[in-house]
Amino acid sequence: MKILITNDDGIQALGLITLYKHLVELGTVNVVAPERERSATGHGITMHKPLRVYEYPVGDTEKTGYAVSGTPADCVKLALEALLPEPPDIIISGINWGANLGTDVLYSGTVSAAIEGTINGIKSIAVSLDDRRKVPDFSIAAKFVAEFLKIYSKHDVPNDTLLNINIPDLPWNEIKGVKITKLGRRRYIDTVERRKDPRGREYFWLAGRVNDQDMDPNTDTYAVRENYISICPVHFDLTNYEAIEKIKAWNIIK
């Protein structure tokens with residue numbers, strides 16, 4: 001099995017390094033990741049300045065990966081078109097420190113890297129850890145991903161579909177199981193903080209508190225809150241097909 005790992009936390013991130021250590025026995029694992037944290041960059045790509053790539057050690061292992069001066073989507077593009085000798089069988093983005101649930105997927109660099117893999121016709125997974133403590137333990141999540149890959153590699157998924165996996169940061173015996181879910185509705189409140197710098201000049205800081213608006217038991221937000229692992233199939237066709245017919249009925253087109 002040929003596996004490509006990337007992320008949005010940067011090539012030095014503990015989640016990526018832990019994942020690599022758990023997957024290396026499953027096949028050939030390559031690492032192409034941002035040189036620094038690029039969280040919440042969405043599906044941005046770098047078009048107005050050059051991208052720099054250099055070799056970088058993967059933690060304390062003997063593996064050398066590629067550090068890229070761009071976004072997670074850039075990393076996947078470069079990996080597929082310039083850096084790897086042949087395409088991978090599977091792309092895994094993560095393990096992200098922090099959940100990517102519900103409408104978070106629209107902002108997430110982690111999920112966007114997996115989307116880029118899917119656009120290129122490669123089976124792709126985004127993996128995130130729902131952090132619940134100051135020092136995260138990625139080992140449980142990495143172990144789950146390694147076991148899940150043995151199943152995933154034997155099955156097909158629908159076209160244009162990635163799997164978005166969120167795992168509670170809990171001991172294994174406290175995780176209740178696995179749920180196959182749909183995206184919940186999540187928004188952030190109090191997102192803009194108005195501040196002043198030491199010279200009295202105003203600036204703004206984007207932050208905010210999560211407000212989960214949809215606690216349907218079938219959603220990813222509900223599953224993770226209840227200590228389940230969530231696996232949500234996500235596709236990037238954002239078309240609302242039901243609305244097409246309704247808008248046609250407006251008789252705009254003559």
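From the list D237, D169, the one residue that fits, being surrounded by 17 or more Cβ atoms within 10 Å (Cβ to Cβ), among the acidic types (D, E) and within 19 Å of the chain's Cα centre (by Cα), is D169.
One line per residue, one yes/no per condition, for (1) of a type in the set (G, A, S); (2) at pLDDT 75 or above; (3) assigned to a loop (DSSP other than H, G, I, E, B):
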| site | (1), (2), (3) |
| --- | --- |
| L170 | no, yes, yes |
| R194 | no, yes, no |
| Y203 | no, yes, no |
| N211 | no, no, no |
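Table: residues versus (1) modelled with pLDDT under 95; (2) touching an Asp or Glu at 6+ places or on another chain (Cβ under 6 Å).
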site	(1), (2)
S69	no, yes
K77	no, no
D89	no, no
S93	no, no
D104	yes, no
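Condition first: exposed (fewer than 11 other Cβ atoms within 10 Å of the Cβ) and under 19 Å from W97 (Cα atoms). Can you find one or more residues in the stretch 207-217 that meet it? The answer is yes, given that some residue of the stretch 207-217 is exposed (fewer than 11 other Cβ atoms within 10 Å of the Cβ) and under 19 Å from W97 (Cα atoms).
Within the bounds of the stretch 143-153, is there any residue that is assigned to a helix (DSSP H, G or I), in contact (Cβ under 8 Å) with a residue 60 or more places away in the chain and touching a Ser or Thr at 6+ places or on another chain (Cβ under 8 Å)? No - not one qualifying residue is present in the stretch 143-153. For the stretch 112-142, a tally of residues being part of a helix (DSSP H, G or I), among the aliphatic types (A, V, I, L, M) and over 20 Å from A13 (Cα atoms) returns 2. When R185 is tested against (1) closer than 13 Å to L101 by Cα; (2) buried (at least 17 other Cβ atoms within 10 Å of the Cβ), only condition (2) is not met.
The values are calculated or read from the model by the stated rules, or taken from the named source; none is laboratory data. Note that the structure is predicted; figures quoted are calculated from it, not measured. As a convention, Cβ positions derive from the backbone with ideal geometry for all residues, glycine included, and neighbour counts pool all protein chains shown.
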